[in-house]
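Coordinate-derived values only; no laboratory data. Everything quoted here is computed from the prediction, not taken from an experiment. A quick note on method: Cβ atoms are made from the backbone with ideal geometry, for glycine too, and the neighbour counts reach across all protein chains shown.
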Amino acid sequence: MILPNLFIAPTGQKGRGVFTSENIDRDTVIEISPVIVMSREDQTLLHDYIFEWGHDRKSCCMALGYIPMYNHSYRSNCEYEMDYDHQLITVKTVRFIKAGEELFINYNGGWNNETPVWFETKG
């Protein structure tokens, strides 16, 4: 399930991102997408788009739908939840979002977690 008002468009230096063509209220589920669970050895070229997976984080997954297209922000306007039993990721808003605004998730999990993400710590 992806809200019909979401779309992918160019976004500055980040390539492409997910946007909305309509206002979205806080706490609105905007996407529920299945995932493909993989071992860490299966990552290959998908490395930049996968999520750690499982309670022990020893697996990873490739999310389907728009989920790989959400860009990162330390103060994101959306958050995601992983459902390990049903192999789903759900994205919902954490505040009101205006039409035309880009939707962000925090790659650390919590919408306001300021721990440096992997691509900012690369040397």
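Each residue of segment 65-71 is assigned a 3J(HN,Hα), and the resulting list reads x, 8, 3, x, 9, 5, 7 Hz, derived from the Karplus form 6.51 cos²θ - 1.76 cosθ + 1.60 (θ = phi - 60°), x at Gly and Pro. Which entry in [x] 30, 29, 28; [y] 44, 29, 26; [z] 40, 36, 24 matches Cα extents along the principal axes in Å derived from the coordinates of this structure? Correct label, based on the coordinates given: [z]. The 3J(HN,Hα) values that the Karplus relation (6.51, -1.76, 1.60; θ = phi - 60°) gives for segment 108-114 are, in residue order, 7, x, x, 4, 10, 6, 9 Hz. Gly and Pro appear as x.
In this rough spin-label picture, where each label sits 7 Å from Cα along the Cβ direction, the A99-E52 distance is 4.0 nm.
Sequence gap at least 6, Cα distance under 8 Å: using those rules, report the relative contact order of the chain to the nearest whole percent. About 29 percent, as a whole number.
Distant-in-sequence amide contacts of T11, defined by a placed amide H-H separation under 5 Å and a gap of 5 or more residues or a different chain, comprise R16, G17.
Between F7 and N108, full extension at 0.36 nm per residue minus the direct alpha carbon distance yields a gain of 34.0 nm. The residues packed around Y84, meaning those with a beta-carbon under 15 Å from its beta-carbon, carry a net charge of -3 if Lys and Arg are +1 and Asp and Glu are -1.
Using a simple spin-label model with pseudo-atoms 7 Å out from Cα toward Cβ, H86 and T28 lie 2.1 nm apart.
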